[in-house]
Protein chains: 2
Amino acid sequence: MAAKPTPLSGFPELLPAQRAVEQHVVDTLRHVFELHGFAGIETRAVEPLEQLLRKGDTSKEVYLLRRLHETSTEGHAGLGLHFDLTVPFARYVLENAGKLEFPFRRYQVQKVWRGERPQEGRYREFTQADIDVVGRDELPFHHDVEVTRVMVDALTRLDFLPGFRVQVNNRKLIQGFYAGLGIEPGDSLDEVMRLVDKLDKIGADQVRALLVAEAGLGDDVAGRVLELAGIRATDDSFVAAVRALGVEHPLLDEGLDELAALVRGCADLVTDRVRVEADLAIARGLDYYTGTVFETRLDGYESLGSICSGGRYDALASDGRTTYPGVGISLGLSRVLVTLMARTGLTADRAVPSAVLVALADEGSRPASDAVATALRARGIPCEVAASAQRFGKQIRYAERRGIPFVWFPGDAPTEGHQVKDIRSGDQTAADPATWAPPPDDLRSRVVTPTTEEQHP
Amino acid sequence: MAAKPTPLSGFPELLPAQRAVEQHVVDTLRHVFELHGFAGIETRAVEPLEQLLRKGDTSKEVYLLRRLHETSTEGHAGLGLHFDLTVPFARYVLENAGKLEFPFRRYQVQKVWRGERPQEGRYREFTQADIDVVGRDELPFHHDVEVTRVMVDALTRLDFLPGFRVQVNNRKLIQGFYAGLGIEPGDSLDEVMRLVDKLDKIGADQVRALLVAEAGLGDDVAGRVLELAGIRATDDSFVAAVRALGVEHPLLDEGLDELAALVRGCADLVTDRVRVEADLAIARGLDYYTGTVFETRLDGYESLGSICSGGRYDALASDGRTTYPGVGISLGLSRVLVTLMARTGLTADRAVPSAVLVALADEGSRPASDAVATALRARGIPCEVAASAQRFGKQIRYAERRGIPFVWFPGDAPTEGHQVKDIRSGDQTAADPATWAPPPDDLRSRVVTPTTEEQHP
């Protein structure tokens, strides 16, 4: 390499202290998902192209693979990188159905790739964290409440996050309401949903005009469609608000019951920072959801759009004989973290795992310094020995630059004459390598947001 | 999806219990690497093609990317998937040199891709775990000892592994010896190393014939080259054995000193199961190592070749002005795990994280069962609530199929009438959701090898 390489747009990489934050987050998510009985899996990065193109509207974003010296008979042209974790999970469920127990709860934290134009919150390579519950033939509604609660629990524990709002809705409610208004299921209903989905971007007046002009709705019907989309509530009072619009349909009743159960089922998780609210404008565009739908907005980061989305699929996968219904949520980990890092300086308080730098008096005493490090590591304390026997002042500055909080000065004997210095306070005390430990908060790096205060992950 | 999908050759995927083993292994590696002060990083999956092709001999294995609807002006044809973690790490060091502190210790556990013909231990997508220490301008030799010790420490803690042998050598030793024999540095020296590297495959007689016929060595010189390659020792006695061959060269002296220091520096890690030995036949083929070289063989799995290899590069990276020497080792995680899973049935004792299944008397009492689960989770106990209110016998079999060791029968009051059953022993006792905990060994899944006995990760 003859010159300094430059970053590739859309492929964000983290510095070591930033990566420590990402690792803290992944550990927290995994801990919560496992507490709730979700098993971790990973799927291969590639899928056959015909699988990837089933969701027609994202096909343009797929990266295809070919081998450098590929011959035409090899057929690798048929593989592409996955652009989400749902398509590979559905394939995994079908492929391994005979070896899985249902309902199958799984989480999956992996990179995905999309050939999109990069911008804030949108990358060509990024990490998603998905949870899904999938059943065989049937999947009771209580799993919709379960996955919402699990993701809210996980997000709540990421205490460097600003407040957030989980917006929930139900496709049965929307479709039942539209059917009760006389809008035909199928293309015209999809068209109405697609137009209502633009509310955020173009506003109610524009949407109303399009509902009349493009979807052919009467003024009154268009008005009620917009009234429905305007309903929001942090409790089940939305049911009365919908009933007041005077539309009747069995599917609407089912959707109202489910959505009310979901909002009530999450009520105990709500705090000043964490809200779960029914928002009847949420429809998840053209995705194939059939009941519950979720989106999540981060306070102060509304321009990112939804950071955590999902819903219920009545047919996550099917092999023609058996159908596997599922409900799941996908968290855009890179979308949140890379944005927070850029905007707030979110990082960790040290660039290395080491809690202690063991100083080195001279190169000949490296075995003595190594012995101290070995004794500390035996009790789970991450540490490193100074790379060279510089003056102690330089070794302390070496620790400072890395954010290592303690410097250890080895004694002349295995247990005598040792000193340890907290380089933040300057306090230096006698210590025994066999028993000393740093305060628990100093054992691992901590998440810090320079623009706000220090936070523990 | 209309039919059951079939696996893609060379892209192994794990069932949930197998993935739990892989996760245990990654956690163990990461714990050890961090105890030694190595910072974790991840690099993007793609590199510019010109970076990937610098190591000429693997270029045929690279997967290239292109977007499905790519236009010719976009230039994506210049990106490929990384085939190891060294090329991206070298690029990362150069790109971020101003923001890193040197010596920089990093570990990296990621998937890599090679378009090779799949066979046991060789896949098209696989996970590697790398550690490297990289310096700016210089990197003292003690880091060679450090990385060896760290990887031996990590492998030793994977106690489901059979015994293994870390074979170490030193390129200075080989090159100094060859130079002392009059073999010219450059092409002829490389040719001799390349032929000696075939010893394992074609035997000493064939190699001797090739050394004479292809490399143009005299019979005596070829004989001494083979004598050197025949030297092995588990201590520094190899120094006397090399001296006895009567070859003299300053570079040979340097190599002997370094290799002896490495073997002595690892002596305290050696056990019946773990050996570190000087093996003067190890040369690491055409890789660009300049000093220490490592390979690792797993007892009983010699056909896999080396599972963990690496060495010293005097120029891991260079931007023309500054050179970054490095020393590192790469563990072929998938190579080991996928092979052990196939050959020995290595897996985990449960397919879910749950230690407890909370039974459900009837659908109406789901809130009571959820409350028990919440109480257990608050104290870090992974659990799940039964999916449906089947007969208790069926709920116990549901737990059995997943390998969940305990079934909880909720009482009529928050703290009264609760019972927990160990379904392996059948023992059932009264328990309080606020205080009961499973034995520590049952909290997480355990690694088991059906063909041998149960082991703890």
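The values are calculated or read from the model by the stated rules, or taken from the named source; none is laboratory data. Predicted model, so just to flag it, every value in this text is computed and none were measured. All Cβ positions, even for glycine, are placed from backbone atoms using ideal geometry, and neighbour counts span all protein chains on display.
Can you pull out the residues in the stretch A:134-175 that are basic (Lys, Arg) and under 15 Å from residue B:384 (Cα atoms)?
Of all residues in the stretch A:134-175, those basic (Lys, Arg) come to A:136, A:149, A:157, A:165, A:171-172.
Passing the criteria: only A:149.
Looking at (1) assigned to a loop (DSSP other than H, G, I, E, B); (2) closer than 23 Å to residue A:312 by Cβ, which is the one condition that is false for residue A:272?
Every condition holds for residue A:272 apart from (2).
If I go through the stretch A:290-320 residue by residue, how many of them are within 21 Å of residue A:101 (Cβ to Cβ) and either more than 19 Å from the chain's Cα centre (by Cα) or at pLDDT below 90 (or both)?
Result for the stretch A:290-320: 7.
Of the conditions (1) at the interface with another protein chain (Cβ under 10 Å from one of its Cβ atoms); (2) surrounded by fewer than 23 Cβ atoms within 10 Å (Cβ to Cβ); (3) closer than 19 Å to residue A:100 by Cβ, residue B:384 fails just one. Which one is it?
(2)
Do you know which residues across the stretch B:221-233 are in a helix (DSSP H, G or I) and either touching a residue at least 60 places away in the same chain (Cβ under 8 Å) or in contact with a Phe, Trp or Tyr (Cβ under 6 Å, 6 or more places away or on another chain) (or both)? Give the derivation first.
First, pick out the residues of the stretch B:221-233 that are in a helix (DSSP H, G or I): B:221-229.
Within the stretch B:221-233, B:228 is the sole residue that qualifies.
Just need a number here: residues in the stretch B:323-363 that are more than 30 Å from the chain's Cα centre (by Cα), within 12 Å of chain A (Cβ to nearest Cβ) and not in a strand (DSSP E or B). Give the steps one after another, and end with the answer.
The first filter runs over the stretch B:323-363 and keeps only residues more than 30 Å from the chain's Cα centre (by Cα), leaving B:356-363.
Filter again for within 12 Å of chain A (Cβ to nearest Cβ), leaving B:356-358, B:360, B:363.
Going one step further and asking which of them are not in a strand (DSSP E or B), we end up with B:360, B:363.
Qualifying residue count for the region: 2.
Of all residues being facing chain A (nearest Cβ under 10 Å), of a type outside the set (S, T, N, Q) and not in a loop (DSSP other than H, G, I, E, B) in the stretch B:105-114, which is nearest to residue A:67 (Cα to Cα)? Just the residue, please.
Looking at the filtered set, the residue picked out is B:113.
Please specify each residue of the stretch B:79-91 satisfying the condition of being crowded, with 21+ Cβ neighbours inside 10 Å and part of a loop (DSSP other than H, G, I, E, B).
B:82, B:83, B:85
Residue A:323: modelled with pLDDT of 95 or more, closer than 30 Å to residue A:89 by Cα and among the hydroxyl-bearing types (Ser, Thr, Tyr), yes or no?
yes
Which members of the stretch A:175-198 meet the condition of being within 13 Å of residue A:290 (Cα to Cα) and either touching a strand residue (DSSP E or B) at 6+ places or on another chain (Cβ under 6 Å) or at pLDDT 95 or above (or both)?
Within the stretch A:175-198, just A:176 meets the criteria.
Condition first: surrounded by 15 or more Cβ atoms within 10 Å (Cβ to Cβ) and free of Cβ contacts under 8 Å to residues at least 24 places away in the same chain. Now tell me which residues in the stretch B:388-427 satisfy that.
Within the stretch B:388-427, B:411, B:422 meet the criteria.
Kindly indicate which of A:19, A:30 is part of a helix (DSSP H, G or I), under 16 Å from the mean Cα position of the chain (by Cα) and within 24 Å of residue B:51 (Cβ to Cβ). Talk me through it step by step, then tell me what you get.
On the way: A:30 fails: within 24 Å of residue B:51 (Cβ to Cβ).
Within the list A:19, A:30, the selection yields A:19.
Conditions (1) out of contact with any Leu (no Cβ under 8 Å at 6 or more places or on another chain); (2) more than 7 Å from chain B (Cβ to nearest Cβ); (3) at pLDDT 95 or above; (4) part of a helix (DSSP H, G or I), marked per residue:
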| site | (1), (2), (3), (4) |
| --- | --- |
| A:37 | yes, no, yes, no |
| A:57 | no, yes, no, yes |
| A:60 | no, no, no, yes |
| A:77 | no, yes, no, yes |
| A:93 | no, yes, yes, yes |
| A:97 | yes, yes, yes, yes |
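Could you say which residue among B:137, B:132, B:144, B:159 is farther than 29 Å from residue B:19 by Cβ and either at pLDDT below 95 or crowded, with 22+ Cβ neighbours inside 10 Å (or both)?
Details: B:137 fails: either at pLDDT below 95 or crowded, with 22+ Cβ neighbours inside 10 Å (or both); B:132 fails: farther than 29 Å from residue B:19 by Cβ; B:159 fails: farther than 29 Å from residue B:19 by Cβ.
After ruling out the rest, the residue left standing is B:144.
Examine the stretch B:162-170 for a residue that is touching a strand residue (DSSP E or B) at 6+ places or on another chain (Cβ under 8 Å) and either of a type in the set (Gly, Ala, Ser) or closer than 30 Å to residue A:400 by Cβ (or both), and state whether such a residue exists. I'd like the intermediate steps shown before the answer.
Filtering the stretch B:162-170 down to residues touching a strand residue (DSSP E or B) at 6+ places or on another chain (Cβ under 8 Å) leaves B:162-170.
Restricting the remaining residues to those that are either of a type in the set (Gly, Ala, Ser) or closer than 30 Å to residue A:400 by Cβ (or both) gives B:163.
Yes.
Among all residue pairs at least 6 apart or on different chains, which show Cβ distances below 9 Å where the first residue, located in the stretch B:341-355, is more than 19 Å from residue A:106 (Cβ to Cβ) and the second is surrounded by fewer than 16 Cβ atoms within 10 Å (Cβ to Cβ) and of a type in the set (Asp, Glu)?
These pairs meet every condition: B:342/B:120; B:343/B:120.
Among the residues of the stretch A:99-114, which ones are modelled with pLDDT under 95 and buried (at least 23 other Cβ atoms within 10 Å of the Cβ)?
Scanning the stretch A:99-114 gives no hits.
So residue B:260 passes all but one of these: (1) buried (at least 19 other Cβ atoms within 10 Å of the Cβ); (2) touching a residue at least 40 places away in the same chain (Cβ under 8 Å); (3) not in a loop (DSSP other than H, G, I, E, B). Which condition number does it fail?
Here residue B:260 clears every test but (2).
Of the residues that sit in the stretch B:357-381 and are free of Cβ contacts under 8 Å to residues at least 60 places away in the same chain and either within 14 Å of residue A:269 (Cβ to Cβ) or β-branched (Val, Ile, Thr) (or both), which one is surrounded by the fewest Cβ atoms within 10 Å (Cβ to Cβ)?
By that ranking, first place goes to B:378.
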